[in-house]
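These notes are about the structure you will find just below.
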Amino acid sequence: MERIVRSKIEDIPTLSSYAQTLIRYNEECVAGTRIWRSSGTVYDILKKELKDLSQSHCTFCDGFPLNDTSKETIEHYHPKADFNEKTYEWENLFYCCDKCQSFANSHRPFQVTIKPDNVDYRFDYHFWFDAEDGLVKLNDERDENARIFLERYGINRRPEKIIARRRRYIELLKLLKDIPDNQIVNERVNEAQRYIFDIVLRVLSLKFNV
């Protein structure tokens, strides 16, 4: 649920030589002579670069690390079943946990929602975290794109995640009081929900600056 900064494929050394290959793959998907393969050299390179973009967090629920919480996958923002011309399109691919992907696959029909690599995307602009019930909520109930995002990826439909979010908020309130400022960045990268970390920092800042 954190914005990712996506470079153009031509500017990524490991992918630039595959730019034309991916275009051809999309054409073959449209023609029906190719399908998406979750293995092989191209898949491995795509997954590594997407994983690096999100700092190994699921792009949608911010889960981390995925190998401990769920399987790592590549999610197609525009579903490949409906948009086969985008099956191998770099801008359509996101590093994702299999739970978010499962919810997305069952959310039909496809609806445009928030895209985490949009230049104007910010968690705080669309959402807020309610520490009382562990839910991620809308800043504006009229924000249809944000509402669809929460539904499509099942953000508030996993009881175990909701409980874990509430527990972690309480834990961080105690832990972050004693962490030196120069260690904050490193601690944040390893958090399963970085937005909770940010909220706790703000709460502590307000508390100690009053």
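The values are calculated or read from the model by the stated rules, or taken from the named source; none is laboratory data. Computed from a predicted model, the values in this text were never measured in an experiment. Cβ placement follows ideal geometry from the backbone for every residue including glycine, while neighbour counts extend to all protein chains displayed.
Can you tell me which residue among 110, 149, 129, 197 is out of contact with any Leu (no Cβ under 7 Å at 6 or more places or on another chain), part of a helix (DSSP H, G or I), surrounded by 14 or more Cβ atoms within 10 Å (Cβ to Cβ) and of a type outside the set (Val, Ile, Thr)?
Step by step, each of 110, 149, 129, 197 is checked, and only 149 is out of contact with any Leu (no Cβ under 7 Å at 6 or more places or on another chain), part of a helix (DSSP H, G or I), surrounded by 14 or more Cβ atoms within 10 Å (Cβ to Cβ) and of a type outside the set (Val, Ile, Thr).
Residue by residue through the range 56-107, note down the ones that are of a type in the set (Gly, Ala, Ser) and out of contact with any Lys or Arg (no Cβ under 7 Å at 6 or more places or on another chain).
56, 63, 81, 102, 106
Of the residues that sit in the range 81-107 and are part of a helix (DSSP H, G or I) and of a type in the set (A, V, I, L, M, F, W, C), which one is surrounded by the most Cβ atoms within 10 Å (Cβ to Cβ)?
The qualifying residue surrounded by the most Cβ atoms within 10 Å (Cβ to Cβ) is 100.
Sort out which residues of the range 88-120 are in contact with a strand residue (DSSP E or B) (Cβ under 6 Å, 6 or more places away or on another chain) and among the hydrophobic types (A, V, I, L, M, F, W, C), and write them in order of number.
Of everything in the range 88-120, those that are in contact with a strand residue (DSSP E or B) (Cβ under 6 Å, 6 or more places away or on another chain) and among the hydrophobic types (A, V, I, L, M, F, W, C) turn out to be 93, 94, 96.
Only residues that are surrounded by 18 or more Cβ atoms within 10 Å (Cβ to Cβ), at pLDDT below 95 and either among the aliphatic types (A, V, I, L, M) or assigned to a loop (DSSP other than H, G, I, E, B) (or both): list them for the range 62-79, please.
Selection gives 63, 64, 66, 70.
Return the total of residues in the range 152-185 being in contact with a strand residue (DSSP E or B) (Cβ under 9 Å, 6 or more places away or on another chain) and either outside any helix (DSSP H, G or I) or under 30 Å from residue 110 (Cβ atoms) (or both).
So the answer is 5.
Based on what the data block shows, is residue 191 within 30 Å of residue 79 (Cα to Cα) and at pLDDT below 95?
Considered against the rule, which asks whether it is within 30 Å of residue 79 (Cα to Cα) and at pLDDT below 95, residue 191 comes out as yes.
Only one of these is closer than 20 Å to residue 127 by Cβ and modelled with pLDDT under 90: 172, 206, 176, 201. Name it.
206
Yes/no per residue for (1) among the basic types (Lys, Arg); (2) more than 17 Å from residue 78 (Cα to Cα); (3) touching a strand residue (DSSP E or B) at 6+ places or on another chain (Cβ under 7 Å):
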site	(1), (2), (3)
26	no, no, no
37	yes, no, no
50	no, no, yes
61	no, yes, yes
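Kindly indicate the residue of the range 176-186 that is of a type outside the set (Val, Ile, Thr) and touching a residue at least 12 places away in the same chain (Cβ under 8 Å) and also nearest to residue 135 (Cα to Cα) among those meeting that condition.
Taking the candidates together, the pick is 176.
Just to be sure I understand the filter: pairs with C-beta atoms under 7 Å, separated by 6 or more residues or on different chains, first member in the range 37-66 and under 17 Å from residue 102 (Cβ atoms), second member among the small types (Gly, Ala, Ser). Which pairs pass?
Every condition considered, the pairs that remain are 62/192; 63/70; 63/192.
Please enumerate the residues belonging to the range 8-55 that are part of a loop (DSSP other than H, G, I, E, B) and surrounded by 13 or more Cβ atoms within 10 Å (Cβ to Cβ).
Residues satisfying the conditions are 12, 18, 34, 36, 54, 55.
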